[in-house]
Amino acid sequence: MQQEFFKYQGTGNDFVMIDNRQQTFDKNNTKQVAFLCDRRFGIGADGLILLENHNEYDFKMVYYNSDGNESTMCGNGGRCLVAFARDLGVIEDKATFEAIDGMHHASIEGDIVKLQMLDVDEIQKYENHVFLDTGSPHHVQFENDIETFDIKTEGARIRYGAPYNQAGSNVNFVKKITNDTFAVRTYERGVEDETLSCGTGVTAVALAMHATNETKDSLINLKVQGGELKVSFDVDNEAYKNVWLIGPAKFVFKGTV
Ligand SMILES: N[C@@H](CCC[C@H](N)C(=O)O)C(=O)O
């Protein structure tokens with residue numbers, strides 16, 4: 001059977017999008033998802049996302065990593081899905097949708113998508129790193145040599161090492177640029193490589209930088225390999241609420257495979 005697809009990217013984190021409102025996509029076919037994401041034999045993407053109908057909300061998001069397995073929340077993918085939903089005529093400029101980590105609000109203006117992320121009330125601080133879950137698990141650590149650092153080798157070592165082991169964590173390397181601006185490079189679990197941007201990752205970095213007093217700001221600029229994102233939040237005691245991930249999400253091309 002021929003499969004129509006749409007390709008979107010958010011700061012270089014790229015996704016195959018499929019309109020699955022008619023439930024025609026075989027959701028358990030891990031090999032097919034991995035094939036569609038393969039950059040040499042398939043379309044090529046960091047992940048694949050299904051847009052499905054939802055009883056209560058505008059739509060439902062189902063996210064797969066490029067290894068073919070369904071995974072936890074993808075922030076850039078969520079932003080791209082909002083752009084896809086707008087382009088399909090499912091929404092106008094506002095959306096409420098369900099993802100694996102719960103309900104999300106979003107808005108879109110041109111190609112800028114604002115996506116509300118999970119509230120975060122547990123941030124684990126260690127001597128050399130911070131761990132938190134922003135819809136997906138994230139290890140955050142400083143790396144001053146960020147431009148030349150071997151992200152893939154070191155990221156994989158941390159991702160597969162204790163305490164994460166096989167279940168794994170995404171790994172973010174951070175360099176402070178100014179009090180409200182940080183450079184970030186991310187090794188992504190399920191892609192098993194560096195991606196050009198990670199939405200839940202930069203969200204984790206912004207909250208981790210605030211929680212460790214590296215910044216007092218609540219609107220943080222994140223420079224990633226594929227562009228720039230912003231994260232804003234409110235702080236209530238030690239909890240982070242009203243967390244928004246903001247940045248571009250763009251249609252690239254569509255086709256049939
Ligand atoms: N690219 C994503 C994160 C996707 C999930 C991650 N690879 C995992 O399995 O934990 C983002 O933009 O948040």
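The values are calculated or read from the model by the stated rules, or taken from the named source; none is laboratory data. Nothing here was measured: the structure is a model prediction, and the numbers come from that model. Methodologically, a virtual Cβ is constructed for each residue, glycine included, from the backbone with ideal geometry; neighbour enumeration extends over all protein chains shown. Heavy atoms of the whole protein, side chains included, go into the accessibility calculation; ligands, DNA and RNA do not. Shrake-Rupley method; radii C 1.70, N 1.55, O 1.52, S 1.80 Å.
Counting residues in the stretch 80-148 as N, plug N into 2.2 N^0.38 Å and put the Cα Rg over that result.
1.49
For the pair the stretch 24-64 / the stretch 75-153, the C-alpha centres are spaced 18 Å from each other.
May I ask you to list the chymotrypsin sites (Phe, Trp or Tyr not before Pro) in the stretch 173-257 that are in a DSSP loop and have at most 16 other Cβ atoms within 10 Å of their Cβ? Mind dumping the intermediate values first?
Numbers: sites: PHE173, PHE182, TYR187, PHE233, TYR240, TRP244, PHE251, PHE253; in loops: none.
Filter output for the stretch 173-257: empty list.
Rolled with a 1.4 Å probe across the full set of protein chains, the surface gives VAL33 an accessible area near 0 Å².
Basic side chains Lys and Arg get +1 at the Cβ, acidic Asp and Glu get -1 at the Cβ, and with that the dipole of the chain about its Cα centre reaches some 520 debye.
Quick check: net charge around TRP244, other residues with Cβ under 9 Å of its Cβ, Lys/Arg +1 and Asp/Glu -1? My count for the surroundings of TRP244 gives +2.
Dipole check for the stretch 124-244: with +1 at the C-beta of Lys and Arg, -1 at the C-beta of Asp and Glu, and the Cα centre as origin, the magnitude is about 60 Debye.
Per-residue Karplus couplings for the stretch 230-240, computed as 6.51 cos²θ - 1.76 cosθ + 1.60 with θ equal to phi - 60°, are listed in order as 10, 10, 10, 6, 10, 10, 10, 6, 9, 9, 9 Hz, Gly and Pro entered as x.
Taking every pair of alpha-carbon atoms in the chain, give the share separated by more than 29 Å as a whole percent. Intermediate values should be presented prior to the final figure.
Values: 8286 of 32896 pairs.
Across the chain, Cα pairs with separations above 29 Å total 25 percent.
Panel note: the C-alpha atoms of the stretch 119-257, placed on their principal axes, show extents of 50, 36, 27 Å (largest first). If you bin every alpha carbon distance in the stretch 182-257 into 10 Å steps from zero, what whole percent lands in each bin? Histogram of Cα-Cα distances, whole percents per bin: 18, 44, 27, 8, 3, 0.
Over all other residues within a Cβ to Cβ distance under 13 Å of LEU88, the charged ones net out to -3, with Lys and Arg as +1 and Asp and Glu as -1.
Using 12 Å as the cut-off for backbone N distance, which residues of the stretch 17-44 belong to the label zone defined by a point 7 Å from the Cα of GLU70 along Cα→Cβ? So the set is 26-30. A cut-off under 13 angstrom between Cβ atoms defines the neighbours of PHE253, and their net charge, with Lys, Arg +1 and Asp, Glu -1, is 0. If R0 is 25 Å, the Cβ-Cβ spacing of ILE100 and GLN166 corresponds to a FRET efficiency of close to 0.85.
Assign one of three labels to the stretch 25-145, namely rounded, prolate or oblate, based on the Cα gyration tensor with a ≥ b ≥ c the square roots of its eigenvalues; rounded applies when a/c is under 1.5, prolate when it is not and a/b is larger than b/c, and oblate otherwise. Please list the in-between numbers first.
Values: a/c = 1.82, a/b = 1.21, b/c = 1.50.
It comes out oblate by the Cα gyration axes.
Set the Cα radius of gyration of the stretch 1-84 against 2.2 N^0.38 Å, with N its number of residues, and you get 1.00. Fully extending the segment from ASP38 to GLN3 would add 11.1 nm, taking 0.36 nm per residue of separation and subtracting the current Cα-Cα distance.
Taking Cα centre as origin and charging only the Cβ of basic (Lys, Arg, +1) and acidic (Asp, Glu, -1) residues, the dipole magnitude of the stretch 22-117 rounds to 260 debye.
Counting only protein heavy atoms and using a 1.4 Å probe, what share of the accessible area of the chain belongs to carbon plus sulfur, as a whole percent? Please list the in-between numbers first.
On the way: 5160 of 11730 Å².
Using a 1.4 Å probe with all protein chains present, the chain comes out at 44 percent carbon and sulfur.
Report summary: the helix-based calculation at 222 nm, which adds -39500 (n - 2.57) for every DSSP H run with n ≥ 4 and divides by the residues of the chain, gives -5500 deg cm²/dmol. Sum up the lysine pairs in the stretch 199-257 that clear both bars: alpha-carbon distance under 26 Å and a spacing of 8 or more or different chains. Going through the stretch 199-257 pair by pair, I get 6. For the stretch 102-151, chymotrypsin sites (Phe, Trp or Tyr not before Pro) meeting the loop criterion (DSSP other than H, G, I, E, B) and having at most 12 other Cβ atoms within 10 Å: TYR126. Residues in the chain average 46 Å² of solvent-accessible surface per residue, probe 1.4 Å, ligands and nucleic acids excluded.
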